[in-house]
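A.B. asks: This is the structure I have questions about; it appears just below.
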Number of protein chains: 2
Amino acid sequence: MQIAIPQLNYKTGDIQGNCTKIIAAIQKAQQSHAELILFPELAICGAMPQDLLEKEEFINECRLAIEKIALQCTHIAAIIGGPNLDATNGIMYNSAYFIQNGEVVDGVHKNILSDYDIFHESRYFIAGEGNTAIRYKNQNIRIIFDEYEAEFIEKTDHFVVCMGMTPFTTESKKTKKQVFSALAQKYGKNILAVNHCCGNTSVLFDGNSMTVNFKGKLTCLLAEFAEDFQIIDTNKLGSLPPVPNICEDKTALTHKALVFGIRDYFEKHGFTKAILGLSGGIDSAVVAALTAEALGAENVMGLLMPSRFSTDHSIADAQALADNIGMPYKIIPIKEIYAQYLNALRPVFQNEPFNVAEENIQARIRGMLVMAMSNKFGYIALNTSNKSEAAVGYGTLYGDLCGSLGVIGDVYKTDIYKLARHINKEREIIPENTITKAPSAELRPGQKDQDSLPEYSQLDAILKLYLEENYSPDNIITQGFPKDIVYKIINLVNRNNYKRAQIPPCIKISKKAFGNGRKYPY
Amino acid sequence: MQIAIPQLNYKTGDIQGNCTKIIAAIQKAQQSHAELILFPELAICGAMPQDLLEKEEFINECRLAIEKIALQCTHIAAIIGGPNLDATNGIMYNSAYFIQNGEVVDGVHKNILSDYDIFHESRYFIAGEGNTAIRYKNQNIRIIFDEYEAEFIEKTDHFVVCMGMTPFTTESKKTKKQVFSALAQKYGKNILAVNHCCGNTSVLFDGNSMTVNFKGKLTCLLAEFAEDFQIIDTNKLGSLPPVPNICEDKTALTHKALVFGIRDYFEKHGFTKAILGLSGGIDSAVVAALTAEALGAENVMGLLMPSRFSTDHSIADAQALADNIGMPYKIIPIKEIYAQYLNALRPVFQNEPFNVAEENIQARIRGMLVMAMSNKFGYIALNTSNKSEAAVGYGTLYGDLCGSLGVIGDVYKTDIYKLARHINKEREIIPENTITKAPSAELRPGQKDQDSLPEYSQLDAILKLYLEENYSPDNIITQGFPKDIVYKIINLVNRNNYKRAQIPPCIKISKKAFGNGRKYPY
């Protein structure tokens, strides 16, 4: 059977826009005489529609769009994902609609709902009960939503379509290929897995729709982080030449993902220009380089905001960075504003010693200046905090923690260094001094990050076990880390849930990012 | 049967603290010769533990605490809620443990999990399958978790225990009484409903544990927003004298709830002192009055931060408020800081006209001064934004939208006026001029809220239908509101999801507050 796999960038909530894209793909597939076309889970409304699914008018619009799409399917059958409300009893399923001869003729409901991390499917859907293969052109097509539903595959199935969207992580591609290979071999079936290719502010879906043949071999791989369109012949899946390997390098994947995430966020929101503070440090340098790659260097404005505690190299390094990137920048010193704050506060602060209050004032003045530029000229403020800082609360709310999108909020500091080297692979973009100098917030004389935090290599290793692997403190200590440091770090993580409740959404690249997928009381 | 109902303020995550409270209640009940004692759903770990439930060490600690509690039950049986992990298969239930003769002898699992609004139970728990009555002293005790599980009540049951915690809303008390009355009559059973009495930063549980007899009559009502302890005799529930009515006045309930919410938040976090900006307007006035009631006037610091756009009455009204309350205040003019910002930005702003950038600078200077005082002296910054503003994005991120707790973030502006009148019932606390003048942000000359927003009475009516009743735009228009205004407001609500993602948690008093219970893409 000739099957078209369009891999599209669906926009969440934009049912009409998605419908137009879907119809264009159907017309293209019909022109190529494909017999079946596959669209993934919730294609009609886009990934992660969340509480839009609680709006009856939204569900109705999805249904009308599906019917409009069906009318286009005169010479092709289609499988397409969407919410499916039974108006008689108010029960809603997460369904695959099967369209044939211009109408919806059948469907399969998702049986095993996802309620982990960023998913809350039981909030909206009722689980289906059972799964019947679709009969089309004398073939039994088994539709499943993810690997957990593989139990429904039967001997009599001719091939398997997996509708499920797979959120990107730096491990997800490798895992997905391995899982589908193992399933295809176990059940002896060809599997066609169609994915979204889109960003969703925080969550990315990386495309890489794929077919794996019954021997477990990857036989077709669609583009990574890009739209694509392929027609495959199910009769030839056993003998196709091997496809290029999936990219598995973590740093390269992080780079691609963040650039895609930034670009998608700006495109979906209709924004074109970004702004960020350039401190001369590695975090803002990496964010600037990634954003320039995503939006064009001319669309990224850097703000250099030296204070009386800034070292000479911080300005020089930031200027060198901007010059290397070819991005515009402005210098706005904060000395006078800072002095004016101290002046205004003197009657109440009196002779209290310098402490975090004065440090935060500097960070907040910078945040305010970035926001003032954003408000005046329409730049979108990017947040440059990394995951290590967010974890332990090393950052100032309403200061360096402001912004619309956290570009590297799911990247540990040690991985930021790898990313910087990767960015510099062909030529120096991030100045060498920015990479090699000791990290500092420069909010008091001679301050260094390591004055208040353990070495980043140790910090990140412990954080990863605690946050991503969900290890208990005892289990982390068993891995060879000092007890006092483990407890210090975990206490910092838990004490800063309140702070993370007010930071910008970040682009998720790990299996546990801060944000909606991690819910703790505070 | 003599049954003790302790109504306790459990602290989420503090298993040892909760255990101590529970054991004290058991000892008190045993001294009074009660035969059974009831603790609600998840009592051992506190309400809404969220992803703490994904930590094995947390679940183990809960289990050990339950076993420690069981040892105390030498002369009494106990029903107590907690997570219940079957280590052999990793399945976790939300359970009621039944304790007798010093050990856990039985249990009932929650069958119908809650996955709406603030609840994500399918994230953690597997639904039980079936519900068997507990047999104790020749009686069949039916344990249910909420009214949805009433279907399990059987004719042979002697009485019903409802474990479920009921989140407070201004409607929840009335609803709860009506629901239990109807169920008690329908099934002809006495119902004993035990509730938490605690805050959880955003979500409140208001106590009012109750018994309703088989005739549907409320026969026992525990304290509202306070700990309590009652012993009831199930044989006498039919003939008990009627109890005082449940408070149903929405404004009075809002008042009590917010004061309790503030006090509980401060106590649980170990904070004692609050700070907020006093603008002379009604929102900050109401928050100041409520906070003074919760913490003592001497523990609430007001900051008056006049700008060149402040009217004379704004300072006079704020001072009158502080004097009426008896709270300390400081005046820190922001004129010079503002001028210094404009000065620093002049080279980049050049001749751009005054716009929202300059307005936001003022709001952010104020936010920063409040935060500076917080950082210097340990005051906790309170947010004074109301629900109407939060809905339409009428507020400045990192400015007036900063703070640790949104005291009135779930209260519409029109209800703030009612609250102000209620606060002034016995004597003028909030100055009359604050209540009667037209609301203004005072960020440009002559500015009034109604320059950019519809009248609050109309705005709030539309918002309530859209946010809380989940009406479609068409349905709202059908209620008689102008189409252009309805669409304008709904567009504002939807366009500001991004902004609300970074505002402080607010105390929830309605069935749909902004925060974790409302999830939209942005």
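The values are calculated or read from the model by the stated rules, or taken from the named source; none is laboratory data. On a predicted model such as this, the values are computed, not experimentally measured, just so you know. Cβ coordinates were reconstructed from backbone atoms using ideal geometry, including for glycine residues, and neighbour counts include every protein chain displayed. In case anyone asks, the SASA skips ligands and DNA or RNA and just uses the protein heavy atoms, side chains included. Shrake-Rupley method; radii C 1.70, N 1.55, O 1.52, S 1.80 Å.
A.B. asks: Looking at the range A:26-61 only, could you name the residues that are more than 12 Å from chain B (Cβ to nearest Cβ) and open to solvent by 10 Å² or more (accessible area, probe 1.4 Å)?
C.D. replies: A:Gln27, A:Lys28, A:Gln30, A:Gln31, A:Ser32, A:His33, A:Glu35 - these are the residues of the range A:26-61 that are more than 12 Å from chain B (Cβ to nearest Cβ) and open to solvent by 10 Å² or more (accessible area, probe 1.4 Å).
A.B. asks: Look through the range B:394-411, keep the residues that are away from chain A (no Cβ under 14 Å) and crowded, with 24+ Cβ neighbours inside 10 Å, and return whichever of them is farthest from B:Gln502 (Cα to Cα).
C.D. replies: Checked the range B:394-411; the qualifying residue farthest from B:Gln502 (Cα to Cα) is B:Val411.
A.B. asks: How many residues are open to solvent by 40 Å² or more (accessible area, probe 1.4 Å), touching a residue at least 40 places away in the same chain (Cβ under 8 Å) and within 14 Å of A:Leu342 (Cα to Cα) if we restrict to the range B:334-365?
C.D. replies: Matching residues across the range B:334-365 total 0.
A.B. asks: How about the range A:103-173: which strands (runs of 3 or more DSSP E) wholly inside it have at least 2 residues that are open to solvent by less than 30 Å² (accessible area, probe 1.4 Å)?
C.D. replies: A:134-136, A:139-144, A:159-162
A.B. asks: Additional query: Restricting to the range A:302-359, name every residue that is out of contact with any strand residue (DSSP E or B) (no Cβ under 8 Å at 6 or more places or on another chain) and of a type in the set (Phe, Trp, Tyr).
C.D. replies: Once the filter is applied, which keeps residues that are out of contact with any strand residue (DSSP E or B) (no Cβ under 8 Å at 6 or more places or on another chain) and of a type in the set (Phe, Trp, Tyr), the range A:302-359 yields A:Phe309, A:Tyr338, A:Tyr341, A:Phe349, A:Phe354.
A.B. asks: Those residues that are open to solvent by 40 Å² or more (accessible area, probe 1.4 Å) and either under 21 Å from A:Pro454 (Cβ atoms) or more than 26 Å from the chain's Cα centre (by Cα) (or both), I need them from the range A:414-425; list them, please.
C.D. replies: Scanning the range A:414-425 gives A:Thr414, A:Tyr417, A:Lys418.
A.B. asks: Residues in the range B:371-393 that are open to solvent by less than 10 Å² (accessible area, probe 1.4 Å) and over 22 Å from the mean Cα position of the chain (by Cα): how many?
C.D. replies: 2
A.B. asks: Only one residue in A:Ile118, A:Ile126 is free of Cβ contacts under 8 Å to residues at least 60 places away in the same chain and aliphatic (A, V, I, L, M), so which one is that? So that I can check it myself, show each step before the final result.
C.D. replies: On the way: A:Ile118 fails: free of Cβ contacts under 8 Å to residues at least 60 places away in the same chain.
Exactly one of A:Ile118, A:Ile126 is free of Cβ contacts under 8 Å to residues at least 60 places away in the same chain and aliphatic (A, V, I, L, M), namely A:Ile126.
A.B. asks: Inside the range B:231-277, can you point out the residues that are under 24 Å from the mean Cα position of the chain (by Cα), aliphatic (A, V, I, L, M) and at pLDDT 95 or above?
C.D. replies: The answer is B:Ala252, B:Leu253, B:Ala257, B:Leu258, B:Val259, B:Ile262, B:Ala274, B:Ile275, B:Leu276.
A.B. asks: So if I check each of A:Asp283, A:Asp312, which one is surrounded by 19 or more Cβ atoms within 10 Å (Cβ to Cβ) and of a type in the set (Asp, Glu)? Please lay out each step first, then the result.
C.D. replies: Values: A:Asp312 fails: surrounded by 19 or more Cβ atoms within 10 Å (Cβ to Cβ).
Matching residue, one of A:Asp283, A:Asp312: A:Asp283.
A.B. asks: Would you mind finding the one in A:Thr20, A:Thr74 that is part of a loop (DSSP other than H, G, I, E, B), more than 30 Å from B:Glu468 (Cβ to Cβ) and over 21 Å from the mean Cα position of the chain (by Cα)?
C.D. replies: Values: A:Thr20 fails: part of a loop (DSSP other than H, G, I, E, B).
Only one candidate passes the filter, namely A:Thr74.
A.B. asks: Being more than 24 Å from A:Lys512 (Cβ to Cβ) and open to solvent by 40 Å² or more (accessible area, probe 1.4 Å): is that true of A:Lys464 here?
C.D. replies: The answer is no for A:Lys464.
A.B. asks: So if I check each of B:Glu352, B:Glu426, which one is farther than 20 Å from B:Cys506 by Cα and either within 14 Å of chain A (Cβ to nearest Cβ) or at pLDDT below 95 (or both)?
C.D. replies: B:Glu352
Conditions (1) in contact with a Phe, Trp or Tyr (Cβ under 7 Å, 6 or more places away or on another chain); (2) among the basic types (Lys, Arg); (3) not in a loop (DSSP other than H, G, I, E, B), marked per residue:
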{"position": "A:Gln30", "(1), (2), (3)": "no, no, yes"}
{"position": "A:Asn60", "(1), (2), (3)": "no, no, yes"}
{"position": "A:Arg63", "(1), (2), (3)": "no, yes, yes"}
{"position": "A:Ile66", "(1), (2), (3)": "yes, no, yes"}
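A.B. asks: Check off (1) in a loop (DSSP other than H, G, I, E, B); (2) crowded, with 17+ Cβ neighbours inside 10 Å for B:Gly480 and give me the number that stays unchecked.
C.D. replies: (2)
A.B. asks: Can you pull out the residues in the range B:35-58 that are among the acidic types (Asp, Glu) and either within 19 Å of B:Gln16 (Cβ to Cβ) or assigned to a helix (DSSP H, G or I) (or both)?
C.D. replies: The initial filter retains those residues of the range B:35-58 that are among the acidic types (Asp, Glu), namely B:35, B:41, B:51, B:54, B:56-57.
Listed by number, the residues that qualify are B:Asp51, B:Glu54, B:Glu56, B:Glu57.
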